[in-house]
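Written below as structure tokens is the structure these notes are about.
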Amino acid sequence: MKLATLKDGSRDGQLAVVSRDLKTAQIADGIAPTLQRALDDWDFIAPQLGELYERLNAGKANNAFDFNPQRCMAPLPRAFQWADGSAYVNHVELVRKARMAEMPESFWHDPLMYQGGSDDFIGPTEDIECLSEEWGIDFESEVAVIAGDVPMGVKVQHATQYIRLLMLVNDVSLRNLIPAELAKGFGFFQSKPASSFSPVAVTPDELGDAWRDGKLHLPLRSTWNGVLVGQPNAGVDMVFSFPQLITHLCKTRHARAGTIIGSGTVSNKDSGKGFSCIAEKRALEMIANGAPSTTFMQFGDTIRIEMLDKTGKSIFGAIDQSVVEYHTK
């Protein structure tokens, strides 16, 4: 099934079920007021949402209305935890190679992961607000999963069962702030502003055979200022699957329902597939020419992130945003 959170004036929005073709929706507050509430009691609530989803797809739902992504908040407008991995080691290797830094061998078998801010996610069509272009504004196209309650020490072979939903992410980065932060030895903070998510989150069964081995085997399309700049396959060159990322996250702690785990920037070794972030394009330019020629995003730029199924239909809806200057109030 496909689920969305619609704006209703509250912080957590209103849960809605969305049709498979993303054309219609129905408010689901008679079943669960919010997505977090559904996740908290998934085994009981999900079947009820599934029944509503089937009625909606059959054109038999009461009070159905046209689905409009502009009414959407992030599926989880705020979450108890947002942990972003770096499953595409090719991306890490390229960025380090561009600055002539060796990549530790451990990166191939021990995932990188950071804990980002989860109190203020951005909806799929809301602006990316930034105080300065000098900070190096970059998009990062990713896939993410939402987990249920995961026990500490979960084994990889058991982790898949805790994946409730999948969605797309724009994990915005401020590249020029990153070096100074990393030099402190304490990780990202100011260089990682609010992330944005696709209009809908979908259950794994909606993806058919594209969802296998804990990976989503479809191209992720990034369109920057109207130009398609990348469509790497999210299932190719993903060194760490989502079950592996979950196992890494839960090595020393439990993860509670509503935890979001990101894949990191989707990247293929075949550079002909384009890029999912500007930093990777600049890294390739550095390696080839000794200096980057592509600039980071400017105010007024747009970014669209979308994944299509094998018939060319949008699965999650599109993240479709503009970069705007933020004026301190």
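The values are calculated or read from the model by the stated rules, or taken from the named source; none is laboratory data. Predicted model, so just to flag it, every value in this text is computed and none were measured. Glycine gets a Cβ as well: all are built from the backbone with ideal geometry, and neighbour counts include every protein chain shown. What goes into the accessible areas is simple: the full protein's heavy atoms, side chains included, and nothing from ligands, DNA or RNA. Shrake-Rupley method; radii C 1.70, N 1.55, O 1.52, S 1.80 Å.
With a Förster radius of 45 Å, plug the Cβ-Cβ distance of THR252 and LEU308 into 1/(1 + (r/R0)^6) and report the FRET value to the nearest 0.05.
Calculated value: 0.70.
Please list, by residue number, every one of the trypsin sites (Lys or Arg not before Pro) in the range 158-232 that is coil in DSSP and has at most 14 other beta-carbon atoms within 10 Å. Display every interim value, and only then the final one.
On the way: sites: ARG164, ARG175, LYS184, ARG212, LYS215, ARG221; in loops: LYS184.
Qualifying residues, ordered by number: LYS184.
Could you state the accessible area per residue of the range 280-329 in Å², with a 1.4 Å probe and every protein chain left in place? Walk me through the intermediate numbers first.
Details: 2670 Å² over 50 residues.
In whole numbers, the range 280-329 has 53 Å² accessible per residue.
Given a 1.4 angstrom probe, I'd like the percentage of the accessible area of the chain that is carbon and sulfur, rounded to a whole number. All intermediate terms of the calculation are to be shown ahead of the outcome.
On the way: 7280 of 14940 Å².
Roughly 49 percent of what the probe reaches on the chain is carbon or sulfur.
What does the C-alpha gyration tensor say about the overall shape of the range 216-329? Classify as rounded when a/c is under 1.5, otherwise prolate if a/b is larger than b/c, or oblate.
Details: a/c = 1.45, a/b = 1.32, b/c = 1.10.
Note, shape of the range 216-329 comes out rounded.
Taking springs between alpha-carbon atoms closer than 10 angstrom, which of GLY264, GLY274, GLY153 fluctuates most in the Gaussian network model of the chain?
Among GLY264, GLY274, GLY153, the largest mean-square fluctuation in the Gaussian network model of the chain belongs to GLY153.
How do TYR53, TYR114 stack up against each other in accessible area, from largest to smallest, with a 1.4 angstrom probe? Spell out each step's value before the answer.
Working: TYR53 5, TYR114 35 Å².
Order by accessible area, largest first: TYR114, TYR53.
If the reach is capped at under 19 angstrom between alpha carbons, list the aspartates and glutamates near LYS215, excluding any in the same chain fewer than eight residues apart.
Partners within reach: ASP84, ASP110, GLU140, GLU142, ASP171, ASP205, GLU206, ASP237, ASP270, GLU306, ASP309.
How high is the relative contact order of the range 198-329, given as a whole-number percent (alpha carbon pairs under 8 Å, six or more residues apart)? Let's see the in-between values first.
On the way: 183 pairs, mean separation 36.5, N = 132.
In percent, rounded to a whole number, it is 28.
Between GLN81 and HIS109, what FRET efficiency follows from the Cβ-Cβ distance if R0 is 35 Å, with the result rounded to 0.05? Before the final figure, lay out the partial values.
Details: r = 24 Å, r/R0 = 0.69.
E between GLN81 and HIS109, to the nearest 0.05, is 0.90.
Chymotrypsin sites (Phe, Trp or Tyr not before Pro), restricted to the range 254-329: which are DSSP loop and have at most 16 other Cβ atoms within 10 Å? If you can, show how the numbers build up before the last one.
Details: sites: PHE275, PHE296, PHE299, PHE316, TYR326; in loops: PHE275, PHE296, PHE299, PHE316, TYR326.
Answer in residue order: PHE299, TYR326.
Tell me the mean residue ellipticity at 222 nm calculated for the chain from its helices only (DSSP H runs of n ≥ 4, each -39500 (n - 2.57), averaged over every residue, nearest 500).
-5500 deg cm²/dmol
I'd like the GluC sites (Glu not before Pro) in the range 95-158 restricted to DSSP loop residues with at most 14 other Cβ atoms within 10 Å, sorted by number.
Details: sites: GLU102, GLU105, GLU126, GLU129, GLU133, GLU134, GLU140, GLU142; in loops: GLU102, GLU126, GLU140.
Answer in residue order: GLU102.
Which sequence of SER263, SER322 reflects their accessible areas, 1.4 Å probe, from the largest down? Present the calculation step by step, with values, prior to reporting the outcome.
Working: SER263 0, SER322 40 Å².
Descending order: SER322, SER263.
Taking the Cα centre of the range 143-246 as origin, work out the dipole magnitude from +1 charges on Lys and Arg Cβ and -1 charges on Asp and Glu Cβ, in debye rounded to 20. Show your work: numbers first, answer last.
Values: 8 positive and 8 negative charges, 56 e Å.
In total the dipole reaches around 260 debye.
Sorted from largest down, what three extents in whole angstroms do the Cα atoms of the range 46-108 have along their principal axes?
For the range 46-108, the Cα spread along each principal axis is 60, 27, 25 Å.
Need the full-extension length gain, PHE299 to TYR326, defined as separation in residues times 0.36 nm minus the C-alpha distance. One decimal, nm. Before the final figure, lay out each step's value.
On the way: separation 27, 0.36 × 27 = 9.72 nm, distance 0.98 nm.
Answer, rounded to one decimal: 8.7 nm.
At 10 °C and a viscosity of 1.306 mPa s, what translational diffusion coefficient does Stokes-Einstein give for the chain, taking Rh as the Kirkwood radius over Cα pairs? Give it in µm²/s as a whole number. Spell out each step's value before the answer.
Numbers: Rh = 20.0 Å.
The calculation lands on 79 µm²/s.
Of LYS2/LYS269; LYS2/LYS310; LYS273/LYS310; LYS23/LYS60; LYS23/LYS192, which pairs sit farther than 25 Å apart, going by alpha carbon to alpha carbon?
Working: LYS2/LYS269 31 Å; LYS2/LYS310 18 Å; LYS273/LYS310 17 Å; LYS23/LYS60 14 Å; LYS23/LYS192 33 Å.
As for pairs spanning more than 25 Å Cα to Cα, those are LYS2/LYS269; LYS23/LYS192.
Indicate, rounded to the nearest 5 percent, the antiparallel portion of the DSSP beta bridges found entirely in the chain. Mind dumping the intermediate values first?
Numbers: 49 of 56 bridges.
The answer is about 90 percent antiparallel.
Give, as ranges by residue number, the residues of the range 224-246 whose backbone N falls under 19 Å from the point 7 Å along Cα→Cβ of LYS155.
Those under the cut-off are 241-246.
Could you work out the mean projected area of the convex hull around the alpha carbons of the range 47-193, in square nanometres to one decimal? Please report the intermediate quantities before stating the final value.
Details: hull surface 49.5 nm².
So the Cα hull casts an average projection of 12.4 nm².
Working out 0.36 nm times the residue gap between PHE189 and ASP29, then minus their Cα-Cα distance, what length gain in nm do you get to one decimal? The partial results should precede the final answer.
Values: separation 160, 0.36 × 160 = 57.60 nm, distance 3.52 nm.
The PHE189-ASP29 span can extend by a further 54.1 nm.
Please compute the per residue accessible area over the range 1-149 with all protein chains in place, 1.4 Å probe, rounded to a whole number of Å². Numbers along the way, then the final one.
On the way: 7010 Å² over 149 residues.
Per residue, the range 1-149 has 47 Å² of solvent-accessible surface.
Residue separation times 0.36 nm, minus the C-alpha to C-alpha distance between ALA288 and MET100: what's the value? Numbers along the way, then the final one.
Numbers: separation 188, 0.36 × 188 = 67.68 nm, distance 1.26 nm.
The span from ALA288 to MET100 would gain 66.4 nm if fully extended.
Charges only on Cβ, +1 for Lys and Arg, -1 for Asp and Glu: so what's the dipole of the chain about the Cα centre, in debye to the nearest 20?
Details: 32 positive and 41 negative charges, 65 e Å.
Dipole about the Cα centre, nearest 20: 320 debye.
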